[in-house]
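The values are calculated or read from the model by the stated rules, or taken from the named source; none is laboratory data. On a predicted model such as this, the values are computed, not experimentally measured, just so you know. Here the Cβ positions follow ideal geometry from the backbone for every residue, glycine too, while neighbour counts run over all protein chains shown. Quick note on the areas: whole protein, heavy atoms, side chains included, nothing else; ligands and nucleic acids left out. Shrake-Rupley method; radii C 1.70, N 1.55, O 1.52, S 1.80 Å.
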Amino acid sequence: MAHEPDASELLWQSYGAVFRGFDDLTLARWMAQTLGQLQGGIWRLSHPLLASYRLAAQVANERQIWHQRMVNAPADYPQVDCCRAPLVPMVTRDLLDSGLICLHCNGTAVSLNNLGQYQGALVKWAKAYQPVHDVAHWDDVRRSAGGDYDQAFEQAADEAERLLAQLGADLTAPLLELFPAVIWEDQDECLQVRPEDIPC
Ligand SMILES: [Zn+2]
């Protein structure tokens, strides 16, 4: 659905202009080289290299760069079904609904039931996270029923920080057994949890 971009989206669109200035081959080479640098790593979504790569990926997706096979991605990256880009999965709080998200097109890159022995721990984490996140979206009735909403929000934000730290520290690293690189979402904007709130 089309919507008016907000100030933040406009800013990111302007950041992305640098990649719109690349020709297709230059863009494909930049991405292949950067995938080489991401390989073998667990990355926070807030990492500037990731932010840049996502901007490039957006332009590449619009131009269908990966369909053109102009460059080879590093060999360890299999092709993903959703958009035929190299597979770089993101672990986000939408895990239960969307599985692991494709860094290139934001579609489902890997469904939950393809996570083998790692599925259980991730599902358990996501089920614990959901009610915590939901506090940010309580309606007025729920807010007044719960007593001091500011305090409930604060508690939820603290719990979200703890759970996100657990995600980054314990739950994503094993996924490197399955994937060449793994990204995890290290913030929750609805609960005002910022990347710097989650210790390295
Ligand atoms: Zn995709």
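So here's what we get for this one:
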| item | result |
| --- | --- |
| Inter-part distance where segment 107-137 and segment 57-76 are each reduced to a Cα centre, Å | 28 Å |
| Computed over segment 81-126: relative contact order in percent, which uses C-alpha pairs under 8 Å that are six or more apart | 33 percent |
| Extension gain from D158 to H137, taking 0.36 nm per residue of separation minus the Cα-Cα distance | 6.0 nm |
| Within the accessible area of the chain (1.4 Å probe), percent carbon and sulfur | 49 percent |
| In Hz, Karplus ³J(HN,Hα) per residue of segment 102-117 (6.51, -1.76, 1.60; θ = phi - 60°; x = Gly, Pro) | 6, 5, 8, 10, 6, x, 7, 8, 9, 7, 4, 7, 9, 9, x, 5 |
| Mean projected area in nm² (Cα convex hull; one quarter of hull surface) for the chain | 12.4 nm² |
| Simple label model, 7 Å out from Cα along Cβ direction - N114 to A51, nm | 3.0 nm |
| The chain: calculated mean residue ellipticity at 222 nm from DSSP helix runs of at least 4, using -39500 (n - 2.57) | -13500 deg cm²/dmol |
| Shape call, segment 1-61: gyration tensor on alpha carbons, a/c limit 1.5 | oblate |
| Sorted peptide list for 19-27, 190-198, criterion being average Cβ within 10 angstrom, highest first | 190-198, 19-27 |
| Linear extension gain, C200 paired with D6, 0.36 nm per residue minus alpha-carbon span | 66.8 nm |
| Size of charge dipole - segment 113-200 - debye, nearest 20, with Cβ of Lys, Arg +1 and Asp, Glu -1, no other charges | 420 debye |
| Per residue, in Å², the accessible surface of the chain once ligands and nucleic acids are set aside, probe 1.4 Å | 54 Å² |
